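Trainee: What follows is a structure written as structure tokens; I'll ask about it next.
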Amino acid sequence: MGNSMCGHLLAAGYRATVFNRSPAKAASLVDRGATLVDSPKQVAERSDVVFTIVGFPSDVEQVILGDDGVLSGSAEGTTIVDMTTSKPSLAERIADVAASRGVASVDAPVSGGDTGARNGTLSIMVGGLEDDFNRLQPLFQLMGSTVVHQGGPGRGQHTKMVNQTLIASGMIAVCEALLYATRAGLDLNTVLQSVSSGAAGSWSLSNMAPRMIGGDFDPGFFVEHFIKDMRIALDEAAAMNLSLPGLALAQQLYQAVVAQGHAKDGTQALILAMAELNKIDWKGQTG
């Protein structure tokens, strides 16, 4: 996703300095004019605005707060924008440490997956000071079609937890519906024609159900990353004395997907675990 998002900035004429822990993944950006460096610190030393998007909160901590991290190379006036889905409390801590050094920090997790990143249609949920949000708007608009300021530091991450909670239970419903249709002997693609445009319609139904039917489990978003998101949401819910049984169920079902060896498949692989529960050999209708 980060590759596509940076690509939109390059296409708009911005200069980019990039770092990737797997340098080969940045090759296409270098081909388009980006400068590849050896550390997040070096990115910050050459940049006014630094975007980060990694996998887990521990990665965020290392990339931004580590000895060779973004903050270690950020001059006063630099702005850090973390677009990873991470812990709200970590976003707040980064904002506090950054502010003590005269650096702005914004949390801006995204939704829309690989397709949204390629098309520049991501939903971007922003937490941070309003002045920083307004200043970053021209950059956000190149990456997303829905960009909303949710409040102070950490509020973007809390909003992303709302998003992931909605998706988690929705994916269960998509899988259950396809399994019902399969057991009833219906043509799955024909069923989708009827239900996708009605009251049952959703992004997951329109985008993930066809992948499930086609046996396409390539990752737009890794199962292991989605489990991480659900754990964050459940931890935050517990801290607020909030019971979310639907989310807890979804997390357990996705844990079964991991147990079956699909941690690095896309989230649509949930159909495999739920098919196994029903003793259905899932091949969709093209396998």
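The values are calculated or read from the model by the stated rules, or taken from the named source; none is laboratory data. Keep in mind it's a predicted model, so treat the numbers as computed, not measured. Cβ: placed from backbone, ideal geometry, glycine included. Neighbour counts: every protein chain shown.
Trainee: So if I check each of Ser28, Ser89, Ser22, which one is surrounded by fewer than 20 Cβ atoms within 10 Å (Cβ to Cβ) and within 22 Å of Gly156 (Cβ to Cβ)? Walk me through it before giving the result.
Mentor: Working: Ser28 fails: within 22 Å of Gly156 (Cβ to Cβ); Ser22 fails: within 22 Å of Gly156 (Cβ to Cβ).
Selected residue: Ser89, the only one of Ser28, Ser89, Ser22 that is surrounded by fewer than 20 Cβ atoms within 10 Å (Cβ to Cβ) and within 22 Å of Gly156 (Cβ to Cβ).
Trainee: Pick out the one residue from Leu71, Leu29 that is in contact with a strand residue (DSSP E or B) (Cβ under 8 Å, 6 or more places away or on another chain), part of a helix (DSSP H, G or I) and closer than 21 Å to Gly144 by Cα.
Mentor: Details: Leu71 fails: closer than 21 Å to Gly144 by Cα.
Being in contact with a strand residue (DSSP E or B) (Cβ under 8 Å, 6 or more places away or on another chain), part of a helix (DSSP H, G or I) and closer than 21 Å to Gly144 by Cα holds for just one of Leu71, Leu29, which is Leu29.
Trainee: Over 20 Å from the mean Cα position of the chain (by Cα) and free of Cβ contacts under 8 Å to residues at least 60 places away in the same chain, is that true of Ser202?
Mentor: Details: over 20 Å from the mean Cα position of the chain (by Cα): no; free of Cβ contacts under 8 Å to residues at least 60 places away in the same chain: yes.
Considered against the rule, which asks whether it is over 20 Å from the mean Cα position of the chain (by Cα) and free of Cβ contacts under 8 Å to residues at least 60 places away in the same chain, Ser202 comes out as no.
Trainee: Given (1) crowded, with 16+ Cβ neighbours inside 10 Å; (2) within 17 Å of the chain's Cα centre (by Cα), identify the lone condition not met by His149.
Mentor: Only one criterion is unmet by His149, namely (2).
Trainee: Got a number for residues in segment 231-262 being surrounded by 17 or more Cβ atoms within 10 Å (Cβ to Cβ) and either touching a strand residue (DSSP E or B) at 6+ places or on another chain (Cβ under 7 Å) or charged (D, E, K, R) (or both)?
Mentor: 1
Results for (1) assigned to a loop (DSSP other than H, G, I, E, B); (2) touching a Ser or Thr at 6+ places or on another chain (Cβ under 8 Å); (3) modelled with pLDDT of 95 or more, shown as yes or no for each residue.
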residue: Leu234; (1), (2), (3): no, no, yes
residue: Leu247; (1), (2), (3): no, yes, yes
residue: Val258; (1), (2), (3): no, no, yes
residue: Lys283; (1), (2), (3): yes, no, no
residue: Thr286; (1), (2), (3): yes, no, no
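Trainee: While we're here: Within the bounds of segment 181-199, is there any residue that is surrounded by fewer than 17 Cβ atoms within 10 Å (Cβ to Cβ), closer than 18 Å to Val106 by Cα, at pLDDT 95 or above and not small (Gly, Ala, Ser)?
Mentor: The answer is no, given that none of the residues of segment 181-199 is surrounded by fewer than 17 Cβ atoms within 10 Å (Cβ to Cβ), closer than 18 Å to Val106 by Cα, at pLDDT 95 or above and not small (Gly, Ala, Ser).
Trainee: May I ask you to verify whether Thr159 is polar (S, T, N, Q), under 20 Å from Val110 (Cα atoms) and touching a helix residue (DSSP H, G or I) at 6+ places or on another chain (Cβ under 7 Å)? Let's see the steps before the verdict.
Mentor: On the way: polar (S, T, N, Q): yes; under 20 Å from Val110 (Cα atoms): yes; touching a helix residue (DSSP H, G or I) at 6+ places or on another chain (Cβ under 7 Å): no.
No, not satisfied.
Trainee: For segment 216-230, state whether one or more residues are more than 17 Å from the chain's Cα centre (by Cα), exposed (fewer than 13 other Cβ atoms within 10 Å of the Cβ) and in a loop (DSSP other than H, G, I, E, B).
Mentor: No - not one qualifying residue is present in segment 216-230.
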